[in-house]
Amino acid sequence: MTTTKTLYLLCSAAPPVFDVARVIEDAQARGWDVCLGLTPTAAHWVSGSLDGLAALTGHPVRWQYKFPGEADVWPAADALLFAPATFNSLNSWALGLTDGFAVGVAAEAVGKEGVPVVAMPCLNSALSLHPQFDQSLAVLRGAGVTVLYGEGGFAPGPAGPDAPPHFPWRTALDAVTNGR
Ligand SMILES: Cc1cc2nc3c(=O)[nH]c(=O)nc-3n(C[C@H](O)[C@H](O)[C@H](O)COP(=O)(O)O)c2cc1C
């Protein structure tokens, strides 16, 4: 594939974030120019890899808002994938709580014409039963976000283990690539 459209890949602090280098390479192989944004906690988790991830993408890895007056360091997005999206980030996004850079970018993208937005939540089944979660799914889906959860998307496992049993990264990349 020879297209060079820009994908904003936003990750929050759930264990699949540790796969992000491989996922970036998969996205690049599909023709995406990838810009990586992280929540502060996710940035902390992969802090030892930030320089390597910037080199891999060719763009600064971002987890903080720029200073007022600073130039944008990323090209405009053609699509956005928020994965893994934690319970915290997904709810913040749905509620419009944009104190963090990654959720702020995702919130803005919902209002931009022609930018497909895909999210893949990552949470355990206990958190999935919190009443806010279904409301957040409904709000985001109602706003046009493709939320890959349940059949054909992420299926939560039991609370307890550090990592979910399976995070279908390929499905997430398929959805964002097919939507462009
Ligand atoms: C080992 C470990 C695994 C975690 N896995 C998840 C997860 O799969 N989903 C989730 O919503 N939160 C998970 N958390 C909790 C989040 O990291 C925590 O809520 C964090 O504040 C999320 O912040 P963020 O949404 O800004 O990245 C995990 C925490 C730890 C320490």
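The values are calculated or read from the model by the stated rules, or taken from the named source; none is laboratory data. Note that the coordinates shown come from a computational prediction; the quantities given were computed from them, not determined experimentally. Please note: Cβ atoms are built from the backbone with ideal geometry, for glycine as well, and neighbour counts cover all protein chains shown.
For the stretch 120-131, enumerate the residues that are of a type in the set (A, V, I, L, M, F, W, C), within 10 Å of the ligand (Cβ to nearest atom) and out of contact with any strand residue (DSSP E or B) (no Cβ under 6 Å at 6 or more places or on another chain).
From the stretch 120-131, those of a type in the set (A, V, I, L, M, F, W, C) are 120, 122-123, 126-127, 129; that's our starting set.
Still in the running and within 10 Å of the ligand (Cβ to nearest atom): 122-123, 127.
Within the stretch 120-131, LEU123, LEU127 qualify.
So GLY48 clears everything in (1) closer than 28 Å to PRO161 by Cβ; (2) touching a strand residue (DSSP E or B) at 6+ places or on another chain (Cβ under 9 Å); (3) not aromatic (Phe, Trp, Tyr) except one condition, right? Which one?
GLY48 satisfies all of (1) closer than 28 Å to PRO161 by Cβ; (2) touching a strand residue (DSSP E or B) at 6+ places or on another chain (Cβ under 9 Å); (3) not aromatic (Phe, Trp, Tyr) except (2).
Which one is nearest to the ligand (Cβ to nearest atom), of the residues in the stretch 46-57 that are under 29 Å from GLY157 (Cβ atoms) and hydroxyl-bearing (Ser, Thr, Tyr)?
SER47
Can you go through ASP72, ASP134 and tell me which one is in a helix (DSSP H, G or I) and either of a type in the set (S, T, N, Q) or more than 10 Å from the ligand (Cβ to nearest atom) (or both)?
ASP134
With the requirement that a residue be crowded, with 24+ Cβ neighbours inside 10 Å and more than 11 Å from the ligand (Cβ to nearest atom), what does the stretch 79-93 give you? Walk me through it before giving the result.
The first filter runs over the stretch 79-93 and keeps only residues crowded, with 24+ Cβ neighbours inside 10 Å, leaving 80-85, 89-90, 93.
Those that are crowded, with 24+ Cβ neighbours inside 10 Å and more than 11 Å from the ligand (Cβ to nearest atom): LEU80, LEU81, ALA83.
Of all residues in the stretch 1-45, which are surrounded by 21 or more Cβ atoms within 10 Å (Cβ to Cβ), more than 12 Å from the chain's Cα centre (by Cα) and within 16 Å of the ligand (Cβ to nearest atom)?
Listed by number, the list holds a single entry, ALA43.
Please verify whether the stretch 147-154 includes one or more residues that are modelled with pLDDT of 95 or more and in a loop (DSSP other than H, G, I, E, B).
Quick first cut of the stretch 147-154, residues modelled with pLDDT of 95 or more only: 147-149, 153-154.
With in a loop (DSSP other than H, G, I, E, B) added as a condition, the list becomes 148, 153.
Yes, the stretch 147-154 contains a residue that is modelled with pLDDT of 95 or more and in a loop (DSSP other than H, G, I, E, B).
For the stretch 58-78, how many residues are touching a Gly at 6+ places or on another chain (Cβ under 8 Å) and either more than 18 Å from SER12 (Cβ to Cβ) or among the charged types (D, E, K, R) (or both)?
Our first condition is that a residue be touching a Gly at 6+ places or on another chain (Cβ under 8 Å); within the stretch 58-78, this holds for 61-63, 65.
Okay, now just the ones that are also either more than 18 Å from SER12 (Cβ to Cβ) or among the charged types (D, E, K, R) (or both), so 62.
Adding up the residues that qualify gives 1.
Suppose we filter ASP51, ASP99, ASP72 for residues that are of a type in the set (Asp, Glu), within 24 Å of GLN132 (Cβ to Cβ) and free of Cβ contacts under 8 Å to residues at least 12 places away in the same chain; which single one remains?
Values: ASP51 fails: within 24 Å of GLN132 (Cβ to Cβ); ASP72 fails: within 24 Å of GLN132 (Cβ to Cβ).
Among ASP51, ASP99, ASP72, only ASP99 is of a type in the set (Asp, Glu), within 24 Å of GLN132 (Cβ to Cβ) and free of Cβ contacts under 8 Å to residues at least 12 places away in the same chain.
Per-residue answers, yes or no, for (1) more than 12 Å from the ligand (Cβ to nearest atom); (2) aliphatic (A, V, I, L, M); (3) in a helix (DSSP H, G or I):
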site: VAL103; (1), (2), (3): no, yes, yes
site: ALA106; (1), (2), (3): no, yes, yes
site: ALA109; (1), (2), (3): yes, yes, yes
site: GLU113; (1), (2), (3): yes, no, no
site: VAL139; (1), (2), (3): yes, yes, yes
